[in-house]
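The values are calculated or read from the model by the stated rules, or taken from the named source; none is laboratory data. Because the structure is a prediction, the values reported are computed rather than measured. A quick note on method: Cβ atoms are made from the backbone with ideal geometry, for glycine too, and the neighbour counts reach across all protein chains shown. Accessible surface areas use protein heavy atoms only, side chains included; no ligands, DNA or RNA. Shrake-Rupley method; radii C 1.70, N 1.55, O 1.52, S 1.80 Å.
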Amino acid sequence: MSKSYVNLLDLASGNFPTMEGKRRRFPRVNTAPGNLSDLDDDQARSVSSDQPSSIASDRMIIVANQLPVKAKRREDNKGWSFSWNEDALLLHLKDGLPEDMEVLYVGSLKVSVDPREQDDVSQVLLDKFRCVPTFLPPDILSKFYDGFCKRHLWPLFHYMLPFSADQGGRFDRSLWEAYISANKLFFQKVVELINPDEDYVWIHDYHLMVLPTFLRRRFNRVRMGFFLHSPFPSSEIYSTLTVREEILKALLNSDVIGFHTFDYARHFLTCCSRMLGLAYQSKRGYLGLEFYGRTIRIKIMPVGIHMDWIESVMKVADEESKMRELKQKFQGKTMLLGVDDTDIFKGINLKLLAMEQMLKQHPRWQGKAVLVQILNPARGKGIDFEEILAEIQESCRRINEQFGRPGYGYEPIILIDRAVSINERICYYNIAECVVVTAVRDGMNLTPYEYVVCRQGITGSKSCSNFDGPKKSMLVVSEFIGCSPSLSGAIRINPWNVETTGEAMNVAISMLDSEKELRHENHYRYVSTHDVAYWSRSFLQDMQRACADHFKRRCWGIGFGFGFRVVALDPNFRKLSLDAIISAYRGAQTRAILLDYDGTVMPQNSTDKSPSQKVISIMNTLCMDPKNTVFIVTGRGRESLSKWFSPCQRLGIAAEHGYFLRWSQNQEWEICRQGFEFGWMKIVEPVMQLYTESTDGSSIETKESALVWQYRDADPGFGSSQAKEMLDHLESVLANEPVAVKRGQFIVEVKPQEVSKGHVAEKIFSSMAENGKHADFVLCIGDDRSDEDMFEIFDNAMLRSILSPNPSVFACTVGQKPSKATYYLDDTTEVINMLECLSEAFDSLPPVEEGYESSP
């Protein structure tokens, strides 16, 4: 066995092994695909050039579980014959891409190919179809597709929990390992083809949800989109998946993530919020998730059908005898049609029961109405397949016995349990008065779209065409399928309610022709303008927008396994160099050092919030240097800060974001601005109390100058919703008060206007300048949103001449994230180590005169 699929436990845990060998890439001319040697997954070898190549035009690499190709063994059993699978959605999406964009496909074949033939098959598919097949070993294939995909992901994404072994079974880690191994094999085929500077990669469906991590790890700037063709379940359902976070993080390595409906997208975003703590924002018409400096676009766009192909098939079907045969067979009857895959989520038996209900409630349809149900073969070894089929057949037999009229050749339900060609299917569409879809959960379901186009007829057809007639179509569709929201003229039903579904079927076939024609007009207008080309064109445009600044930003990978992600930041944003800051520190004559507290010199997750002895010692050493003015600038109250830093007599403190300011321990506290009135607190506190009572896990923190509502321990979704509502509420009632209402990370804060860390920093610099101490070295460090106010005041400070003309400014944030700061340090440990190095920058310090004050 290849080394590609050994060490499955390492793969499943996300520890991708480093393997020897070199990557082979397919050039842009046809070449024979060779055997791929194992990859070196070391992220140090990631392809992340700073500038894109301009040699070749963009290409699109479409990756899916199956290629849009049919394979058939030759009659002489010597080799294979291949043809396009015209029914495959992925084949037609290229119609929406630019004509000069080359499209390549990566995927597997439905047939098993002998290893001795695989090279020849690969060559033929590449030369004639621009397809690169991924050959999965039988043991991997079985566990990957029939195992993890069909027994874990597919049921779960359709809202089925594994309560018992016969409902999917408990989580099986060996199946997860096979899923990762299969995704890795697809990744290796993409690596053979890709030019990461010019190519787009578009990954499709739940079979390949961890592929984005493999690709992003290897190529930091690859332009990559993912589209999920199935539903995405609510967070309560998805959270039961053992590897929930691994899959979410893998998907977030894409640039665009697409869903059919807003419901599916909303569920995904809620999962990201609840499980990863990520918040999304609406930005000029699109939803975006900020993830380590990258903005992942969330695309909501239901897929369409290929109009030209359907019409071409209609022309062929129009000439066949099958159409005439069916018209004769159902003459004088009103046909309702169902076309479904045979699986447990299509609600086929519910449809039969609804038909039974309609015949009972409306006897006039007995002997006239016929439900033709086409059962397409199951796509895989799904759950309870045999039981579902037996249930359908039993219902069909019972209803036909009850309402059938053998002497007149009438059966109310006709079951077609075989594969039906697209030509024959279109013949049924042409005759059907109504199409009924009762799926209890389905990603999209394009059957209604196909039906609408067939009922429109052939453009410019002869008058004697079988498709020539009144342009009308009626649809009864489940509200739980992806196409339901887009069909405004459809009758939407809850398929579990058999009575209302039966009544909807009666309404659909009883409606006046004029009403049917109006509804059909609405249907056709939407379906014809939102075809598969429109869908792919729109998705590509979103990918182009999302990736527009890939080569303008600095990117690097961090993390291990499925915790891997790429940090993308402004090219001027870089890690603070110890050598650079120590050199500037030593050469400076007047220094200002402003430090945040929580998250900067004190870890956020620390239970004991008092500073360590090491921090106290460093502060004292820095303050002893007469060239230094050192301040702690924080949102905390002055009492706790005074107590904690009592050993640091020369340390300045700006408490409550600078509302209180003290230059040293033996000086009095200054107030930001005298004359502030706090009557507004009597307005704010009852409002906050109201939201606290209705939001479990929230609390109010009362400061001397501010009130803060915290919801860190509340339900993330509800807490965020309540915070937004409170923000609007407070802004309304405080419109005439001299206060600012701000929302931060898990907080809503109300404080006096003109109180911010930016204002207090300017005040410190101004006071120093008034005493002839223009700072030529400034170090400003913080970790959260309030610290950004400090980072953005330096240009204005130099314009006002409250700093020296050419100061060395080190605005530094804690953590690799988007910031107005120019530098970053990874964590509080690095901050303390850097401060310790500064405190040791001189072997000896000049003596400090007795009674020296640090106040300017």
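Considering only Cα-Cα distances, which of the following residue pairs are longer than 26 Å: Lys327/Lys368; Lys552/Lys724; Lys643/Lys820; Lys283/Lys552; Lys327/Lys472; Lys72/Lys346?
From Lys327/Lys368; Lys552/Lys724; Lys643/Lys820; Lys283/Lys552; Lys327/Lys472; Lys72/Lys346, over 26 Å: Lys552/Lys724; Lys643/Lys820; Lys72/Lys346.
Each residue of the stretch 352-364 was assigned a 3J(HN,Hα) from its phi angle through the Karplus curve 6.51 cos²θ - 1.76 cosθ + 1.60 (θ = phi - 60°); the sequence is 5, 5, 5, 4, 4, 4, 4, 5, 6, 6, 10, x, 5 Hz, with glycine and proline shown as x. With 0.36 nm allotted per residue and the present C-alpha distance subtracted, the Asp417-Leu518 stretch has 33.0 nm of extension available. Backbone amide hydrogens, once placed in the peptide plane, bring Ile305 within less than 5 Å of Val532, excluding anything fewer than 5 places away on its chain. In this structure Ile194 has an accessible area near 0 Å², from a 1.4 Å probe over the protein heavy atoms. With the whole protein complex present, Val476 retains an accessible surface near 0 Å², based on a 1.4 Å probe.
Rounded to whole numbers, the Karplus 3J(HN,Hα) couplings from phi for the stretch 177-191 are 4, 5, 4, 5, 4, 5, 4, 5, 5, 4, 4, 4, 5, 5, 4 Hz, using 6.51 cos²θ - 1.76 cosθ + 1.60 with θ = phi - 60°, and x at Gly and Pro.
Within the set of other residues whose C-beta is less than 10 Å from the C-beta of Asp776, count the net charge using Lys and Arg as +1 and Asp and Glu as -1.
With Lys, Arg at +1 and Asp, Glu at -1, the neighbours total +3.
Each Cα pair under 8 Å and six or more residues apart adds its sequence gap; the mean of these over the residue count of the chain is a relative contact order of 10 percent. Taking the convex hull of the alpha carbon positions in the stretch 695-849 and averaging its projected area over all directions gives 12.9 nm². Surface listing: Arg712, Arg379 arranged by accessible area from highest to lowest gives Arg379, Arg712, probe 1.4 Å. Computed in the context of the full set of protein chains, the accessible area of the chain at 1.4 Å probe radius has 47% of its extent on carbon or sulfur. Amide H to amide H, with H built 1.01 Å from N, Thr590 comes under 5 Å of Asp776, Phe777, counting only residues 5 or more places away or on other chains. Remark: accessible surface ordering of Asp795, Asp199 (largest first) is Asp795, Asp199, probe radius 1.4 Å. Per residue, the stretch 733-782 exposes 38 Å² of solvent-accessible protein surface, assessed with a 1.4 angstrom probe and all protein chains in place.
A cut-off under 12 angstrom between Cβ atoms defines the neighbours of Ile491, and their net charge, with Lys, Arg +1 and Asp, Glu -1, is 0. Using the Karplus relation 6.51 cos²θ - 1.76 cosθ + 1.60 with θ = phi - 60°, the per-residue 3J(HN,Hα) values for the stretch 806-817 come to 10, x, 8, 10, 10, 8, 10, 9, 9, x, 7, 7 Hz, with x marking Gly and Pro.
Taking a ≥ b ≥ c as the square roots of the eigenvalues of the alpha-carbon gyration tensor, the stretch 47-161 is classed oblate because a/c is 1.5 or more while a/b is no larger than b/c.
Quick one: what do you get for the stretch 524-653 if you divide its Cα Rg by 2.2 N^0.38 Å?
Details: Rg = 25.0 Å, N = 130, 2.2 N^0.38 = 14.0 Å.
With N residues counted in the stretch 524-653, Rg over 2.2 N^0.38 Å equals 1.79.
The share of alpha-carbon pairs in the stretch 702-743 lying farther apart than 11 Å comes to 68%. Spatially, the stretch 334-351 and the stretch 211-227 are offset by 38 Å when compared through their Cα centroids.
Legend: calculated FRET efficiency, Asn833 to Ile300, from the Cβ-Cβ distance at R0 = 41 Å, rounded to 0.05, equals 0.35. Between Trp84 and Lys471, the modelled label-to-label distance comes to 2.7 nm, taking each label 7 Å out from Cα in the direction of the beta carbon. A straight chain from Asp139 to Arg492 at 0.36 nm per residue would run longer than the Cα-Cα distance by 122.8 nm. When Met505, Met798 are compared by accessible surface with a 1.4 Å probe, the order from highest to lowest is Met798, Met505. Distant-in-sequence amide contacts of Lys299, defined by a placed amide H-H separation under 5 Å and a gap of 5 or more residues or a different chain, comprise Ile257, Gly258, Phe259. The heavy atoms of Asp608 offer some 100 square angstrom of accessible surface to a 1.4 angstrom probe.
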